[in-house]
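**Student:** Pasting a structure below so you can have a look.
The values are calculated or read from the model by the stated rules, or taken from the named source; none is laboratory data. In this text the structure is predicted, and so the values were computed from the model without any measurement. Note that we place each Cβ from the backbone using ideal geometry, even for glycine, and neighbour counts take in every protein chain shown.
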Amino acid sequence: MHRVDNLTVAIPSPDARESRWTSMMAGLNAFARKQPLGVIGALILIGIVLLAFLAPVISPFDPYAVHVTYKYAAPGTVLETTGQRFWLGADQLGRDTLSRLVYGARISLYVSLISVGIGVTLGALIGIMSAYFGGKVDLLVQRLVDTVMAFPAIILALAVVSVFGAALRNVILSLIIFLTPAAARVVRAQALSVKEMDYVLAARAMGANTWRMIFFHMVPNCSAPYIVFATANLGFAVVVEAALSFLGVGTPPDVPSWGGMLSITGQKYVEVSPWLVLFPSLAVSVAVFGFNLFGDALRDALDPRLKGLQQNQ
């Protein structure tokens, strides 16, 4: 405690800061022991993030550079003029597959993080407010949620891009439209129980206004399903982006993306150069595998119902 101009200021002691650090590390160690597959998923995701962040350093070629004389170059082919190597081969235009894969990670991460971040956050707020107000508001919101979720994600995404055009921002928009009601339904279930908790009832009795109740009491206590749902759907967003790019309604053909590399153009040459499809397929599979492993581990760690089952066992 320190006094500054007659004010008492509490400054955390070094022991308190060390205690928080020790507690955090202990929590991470406990998570690693109980969820080893979650650690593997986290390592996969860290690797993908590093690839995307260090793409200019890692990529041996410009992903847009065309080498006409090296069309369908096999993995390991050396560029005679510079001595650079096509480690994973080249596509039908002579563009380096490895460089396009590394830069494609940026597209996949960008789409998944933006769409899931916005969609799940909006959905969580809608679900919490729907549960809090109840009555006709809740009924109307849930009917809208049911209406949107009646459409499969791919069909809804195709409808959006057919109306607004094939572009990356419209892929993100379609994912936001689908994820928002899904998140609203999941978080609403938690908010209904939180609304009846003693501390929420006490805050209401003390005269807390509606927005304080929602943002200071309900939102923090509905964070567990929000985190679990968001993490679980990052892989889903990667798959949808890849599917739309595969169908030619996602990213432009020249932009390096995993789905674009798997496009119908790539299928035409699969017998001549199977690596055109093999390596992008592996990239999508590994990314989704990592997201799912980490998401399942977070669900097991944060879901109180699963905690109770594990303790009973």
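**Student:** Go through segment 226-261 and report how many residues are surrounded by 22 or more Cβ atoms within 10 Å (Cβ to Cβ), of a type outside the set (Gly, Ala, Ser) and not in a helix (DSSP H, G or I).
**Tutor:** Count: 2.
**Student:** Out of the residues in segment 181-225 that are within 16 Å of LEU122 (Cα to Cα) and of a type in the set (Lys, Arg), state the one that is surrounded by the most Cβ atoms within 10 Å (Cβ to Cβ).
**Tutor:** ARG188
**Student:** Just name the residue that is modelled with the highest pLDDT out of those in segment 28-59 that are surrounded by 14 or more Cβ atoms within 10 Å (Cβ to Cβ) and not in a helix (DSSP H, G or I).
**Tutor:** Checked segment 28-59; the qualifying residue modelled with the highest pLDDT is SER59.
**Student:** Please name all residue pairs, on different chains or six or more residues apart, with Cβ atoms under 7 Å, provided the first residue is in segment 158-183 and is farther than 13 Å from ALA242 by Cα and the second residue is among the polar types (S, T, N, Q).
**Tutor:** Pairs found: VAL160/ASN170; VAL160/SER174; VAL161/ASN170; VAL161/SER174; PHE164/ASN170; ILE176/SER115; LEU179/SER115; LEU179/ASN233.
**Student:** Select from segment 92-139 the residues that are buried (at least 24 other Cβ atoms within 10 Å of the Cβ) and among the acidic types (Asp, Glu) and list them in ascending order.
**Tutor:** ASP96 - this is the single residue of segment 92-139 that is buried (at least 24 other Cβ atoms within 10 Å of the Cβ) and among the acidic types (Asp, Glu).
**Student:** Further question: When you scan segment 60-108, how many residues do you find that are polar (S, T, N, Q), farther than 22 Å from PHE289 by Cβ and in a helix (DSSP H, G or I)? Can you show your working first?
**Tutor:** Taking segment 60-108 as the starting set, the residues that turn out to be polar (S, T, N, Q) are 69, 77, 81-82, 84, 92, 97, 99, 108.
Of the ones still in play, those that are also farther than 22 Å from PHE289 by Cβ are 69, 77, 81-82, 84, 92, 99.
If we keep only those that are in a helix (DSSP H, G or I) as well, we get 69, 99.
Of the residues in segment 60-108, 2 are polar (S, T, N, Q), farther than 22 Å from PHE289 by Cβ and in a helix (DSSP H, G or I).
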